[in-house]
Amino acid sequence: MVFHLEQHTLFYGQASQSHGGAAALSDISLSIKVGEKVALIGPSGAGKSSLLSVLYQNADEQSAWCPQDGGLVDALSVYNNIFSGGLERHSSLYNALNLVRPFARPLAEIMQLSQQLGIRDKLFISVDQLSGGQRQRVALGRALYRQQAVFLGDEPVSSLDPLQANELLGLVLQKHKTAVVSLHNRRLALQHFDRIIALRAGRIVFDGPSKGLSESHLDVMYGANEDGAE
């Protein structure tokens, strides 16, 4: 699997990947340009998570990654989980001291961000006490605090109600120049993304602009509504 990073093309190349002998990706050819907003759709097991993993492995230094499981540290507070997105901007000593007592600047930044995410009142609660939707907001906060140009998200708003999902996805896309996001919600894919890539059995079965597509078109790409209409 090889993806090259160029001035105007973020990802370009081919990828194959297997898990336990089963093919997760089958000779996928893909080019994603800087500035594109791309939605990955397809039934469970289609290869969306595998493709995102490949993209992140090849552009981790310039990407904010929001995995499907959130990747949060349960014993830490909401504040410290979000702050972890910015660890690379500070020294080890700074990070260790901030873990004990937050410094004024990151505290102000994260308070503002948590307000936008609707979890301001949860800032100093350990994330193991949060609901699924609240945990997803924290994971989004950590990705946003990375302050990178690229966002890679694997079902990043799946635990939120439709109104909240629409609002927070819009916030994420506003703050990132380029984004590749897997979604089950067809409506969000059509509303927020300019390009749709549909996968099935590890292969790309559609790659084109979202303009002119409808939810029924996307349902066909899923194949017999395997995941149910949103």
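Readers should treat all values here as calculations from the given coordinates under stated rules, not as data from a laboratory. A quick note: this is a predicted structure, and the numbers were derived from the prediction, not measured. As a convention, Cβ positions derive from the backbone with ideal geometry for all residues, glycine included, and neighbour counts pool all protein chains shown.
Roughly what % antiparallel, to the nearest 5, for the DSSP beta bridges in the chain?
Antiparallel: roughly 50 percent of the beta bridges in the chain.
What is the set of long-range amide H partners of Phe151 at a cut-off below 5 Å, with H atoms built 1.01 Å from backbone N?
Close amide H contacts, sequence-distant or interchain: Ala64, Thr178, Ala179, Val180.
When the chain is treated as a GNM, springs tying every alpha-carbon pair under 10 Å, which of Ala201, Ala149, Ala96 comes out with the largest mean-square fluctuation?
Fluctuation is largest for Ala96.
Would you give the gap between the C-alpha center of the stretch 108-186 and the C-alpha center of the stretch 23-79, rounded to a whole Å?
15 Å
Tally the DSSP beta bridges in the stretch 93-230 and give the antiparallel ones as a percent, rounded to 5.
For the stretch 93-230, the DSSP antiparallel bridge percentage is about 55.
Output the relative contact order of the stretch 2-222, whole-number percent, from Cα pairs under 8 angstrom with separation of 6+ residues.
It rounds to 29 percent for the stretch 2-222.
Can you list the lysines whose alpha carbon is less than 22 Å from that of Lys48, not counting same-chain residues fewer than 8 positions off?
Lys33, Lys37, Lys177, Lys211
Step through the residues of the stretch 183-194 one at a time and calculate ³J(HN,Hα) from phi using the Karplus curve (6.51 cos²θ - 1.76 cosθ + 1.60, θ = phi - 60°), rounding each to whole Hz and writing x for Gly and Pro.
Using θ = phi - 60°, the values come out as 9, 9, 7, 4, 4, 5, 4, 6, 6, 10, 10, 8 Hz.
GNM on the chain, C-alpha springs below 10 Å: top fluctuator among Val73, Val38, Val181?
In this elastic network of the chain, the residue with the biggest mean-square fluctuation among Val73, Val38, Val181 is Val73.
Between Phe206 and residues 5 or more places away or on another chain, which pairs have amide H atoms under 5 Å apart, with H built 1.01 Å from N, and which residues are they?
Ala198
Between Asp27 and Phe124, what is 0.36 nm times their sequence separation minus the Cα-Cα distance? Round to one decimal in nm.
Length gained, Asp27 through Phe124: 30.4 nm.
Report the extension gain between Arg89 and Lys211 in nm, rounded to one decimal, defined as 0.36 nm multiplied by the number of residues separating them, less their alpha carbon distance.
Taking 0.36 nm per residue and subtracting the Cα distance, the gain is 40.1 nm.
For the chain, report the % of Cα-Cα distances exceeding 28 Å.
32 percent
Indicate the helices, whole DSSP H runs only, in the chain that combine a mean Kyte-Doolittle hydropathy of 1.6 or more with a Cα extent along their long axis of 24 angstrom or more.
Once both thresholds are applied, nothing remains.
Sort Ile41, Ile119 by Cβ crowding within 10 Å, fewest neighbours at the top.
Ile119, Ile41
Could you please report the charge total around Ser29, scoring K, R as +1 and D, E as -1 over all other residues with beta-carbon less than 12 angstrom from its beta-carbon?
Surrounding charge for Ser29 is -1.
Going by how many other beta carbons lie within 10 Å of each one, how would you line up Leu76, Leu55, Leu40, fewest first?
Going from sparsest to densest Cβ surroundings: Leu76, Leu55, Leu40.
How would Leu30, Leu87, Leu183 line up from fewest to most surrounding beta-carbon atoms within 10 angstrom?
The most exposed by this proxy come first: Leu87, Leu30, Leu183.
Once the other residues with Cβ under 11 Å from the Cβ of Arg146 are scored (Lys, Arg +1; Asp, Glu -1), what is the net sum?
0
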